[in-house]
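FYI, it's all coordinate maths here, none of it is from the lab. Computed from a predicted model, the values in this text were never measured in an experiment. Neighbour counts are summed over all protein chains in view; Cβ atoms, including those assigned to glycine, are modelled from backbone coordinates with ideal geometry.
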């Protein structure tokens, strides 16, 4: 088995690190949140400073929030005070692989791939989908693109973390493009579910009946079936938080604007998540976007 | 077996009339389009003038476009020239049932139910879902509400036409409310599918790969799986037309406005269908809303 480091022990990264350990890989876990690292090492994982461990890695799996954090891990932070710091890539061995899992613009992924290539490090554009439960069970979907060598180097780790690996071509960017498409749909579907469920309440449709009936009808979506029960239960413990959608739909609309692509439905959905965050709900489960609709219409949701 | 008339032999009504005949009911088919009636009678169905047949009916199944047409069938047209004409209800027998299948406002359904009640005619608020293929195969989903007597009178005909009957309570209005909720979701999901698929094209995501990958991911919806293949095939022969959504999302937003319910995602989606209709695509399959996005972004869809 190989040696990997997971950079970012959030709800996704922690589960991925666990899945790698369960498959008997040697795994370093790193995070700026000390308590996450302590939990990981208490359960038998290892940790270390990036510069110290980079040379030992077969794979660096980067599960941070966005493009800026990804770049910082790989090539160091740019700031005015200290100039460009050093990232892990220049200390990694030739033939090792970076798996970049954050939702980023395809162009960013291509740039990172090029820069890794200068150090002989492979780059797999590998955004993830499936949520924290699937991450912990090694059942993620990964939308991956990169060279054959990048896939070969990543394969033992992909096998440990993913139930489904979509192989989307031999160049970085394609994985991130498909992920952006998926996030557009997923985010809009959550907001639309909330819009429909609360609209239904104004017409006397009980939320539990909404779930029962609509999940069997043409109006169903994966997100509806997954998130509407949170509203029925009045349970907004975050599986995926409202603020994730400010980030991800923001990324989608940034990419769209660069392509001069008008995306009015996505734009409308994003505004509802922004309103939810503005009402202080940013860290609640994303189904809490329903509270924006409820507040606007003066209706009461289950459990409130 | 009983005697029923289907008012409206469009893509849904024709199949429903066929399903009733297949279950050995006696079936009258009526439509303002003479060729539809001729086709129905050529295949063994009956027809007649509404006033002549109303007294023979156990069930009047009204599968017209909207509330105004429903009211005309039931209680006659209101126009300034001729005053209020006569509909079928006053000629129907006590204990017969009206099944009203158009997408209408819940308040309209309650009003029709009350007016039917004055003639001793039961009213089942019975919007339908599933498309023309399921209609022809007796496999519709019907979102029904009404009195126990209305359900009992309708039961033999429901059994012939529906795979699933959602029983949504003992008062008209609940069925129409659930249908409006379903149409909100279905319409938005079609527009969002088109938005995502065309956005993907700008980022190098091939439409066939879009369908293959996204249908297995969190971004999937029933409508995406059903309609996106039309775009991949470049086939816009209408299963359900663009203009249906001008009507149905229009009804949803009318109901929402009456309830002072703000529905920004639905409103954005409706604008895209309106743009499609404005571009002359109103009678094409509703997946043709993708052409609006393609035109705006200067991209080419399959088959064009």
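The table for this structure:
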| item | result |
| --- | --- |
| Most fluctuating residue given options B:288, B:68, B:150, as computed from a GNM of chain B linking Cα atoms under 10 Å | B:68 |
| Of all DSSP beta bridges in the stretch A:3-170, antiparallel share, percent nearest 5 | 20 percent |
| Label zone at residue B:90, where the point sits 7 Å out along the Cα-to-Cβ direction: the stretch B:18-62 residues whose backbone N lies under 19 Å | B:49-57, B:60 |
| Stretchable slack from residue A:296 to residue A:257, in nm (0.36 nm times residue separation minus alpha-carbon distance) | 11.1 nm |
| DSSP bridge pairs, the protein assembly as shown: antiparallel proportion in percent, nearest 5 | 20 percent |
| For residues of B:172-185, the mean tally of beta carbons on other chains within 10 Å | 6 |
| Label geometry 7 Å along the beta-carbon vector: residue B:44 inter-copy distances in nm | 6.9 |
| 10 Å Cβ neighbours from other chains, averaged over peptide A:218-230 | 6 |
| Cα-projected label distance for residue A:152 with residue B:304, points at 7 Å along beta-carbon direction, nm | 4.3 nm |
| Relative contact order of the stretch B:1-118, pairs being alpha-carbon contacts under 8 Å that are 6 or more residues apart, as % | 24 percent |
| Scattering profile of the protein assembly as shown at q = 0.07, 0.12 Å⁻¹ [log10 I(q)/I(0), Debye over alpha-carbon scatterers] | -0.50, -1.12 |
| Rounded tilt (10° steps) of A:106-117 against the dominant C-alpha axis of chain A | 10 degrees |
| Theoretical FRET efficiency, 1/(1+(r/R0)^6), r = Cβ-Cβ of residue A:235 and residue B:212, R0 35 Å, to 0.05 | 0.55 |
| Residue among B:220, B:240, B:129 with the largest mean-square fluctuation in a Gaussian network model of chain B, springs linking Cα atoms under 10 Å | B:220 |
| Cα-based helix-to-principal-axis angle, A:222-233 vs chain A, degrees rounded to 10 | 60 degrees |
| Paramagnetic label zone (point 7 Å from Cα along Cα-to-C-beta, residue B:24; backbone N under 13 Å) in the stretch B:139-179 | none |
| Residues residue A:163 and residue B:247, FRET efficiency given R0 of 35 Å [Cβ-Cβ distance, rounded to 0.05] | 0.25 |
| Two-site label geometry, residue A:225 and residue B:38: point separation in nm, points 7 Å out along Cα→Cβ | 4.6 nm |
| C-alpha center-to-center spacing [the stretch B:249-290, the stretch A:1-37] in angstrom | 46 Å |
| Highest-fluctuation residue, B:125, B:243, B:286 considered, GNM on chain B with Cα pairs under 10 Å | B:243 |
| Antiparallel content of DSSP bridges confined to chain B, in %, to 5 | 20 percent |
| Nearest 10 degrees, 0 to 90: helix B:242-258 Cα axis against chain B principal axis | 70 degrees |
| Relative contact order, percent, the stretch B:177-297 [alpha-carbon distance under 8 Å, six or more residues apart] | 37 percent |
| Length-normalised contact order of chain B in % [C-alpha pairs under 8 Å, at least 6 apart] | 14 percent |
| Residue order, fewest to most beta carbons within 10 Å, for B:227, A:155, B:94 | B:94, A:155, B:227 |
| Overall form of chain A per C-alpha gyration tensor (a/c, 1.5; a/b vs b/c) | prolate |
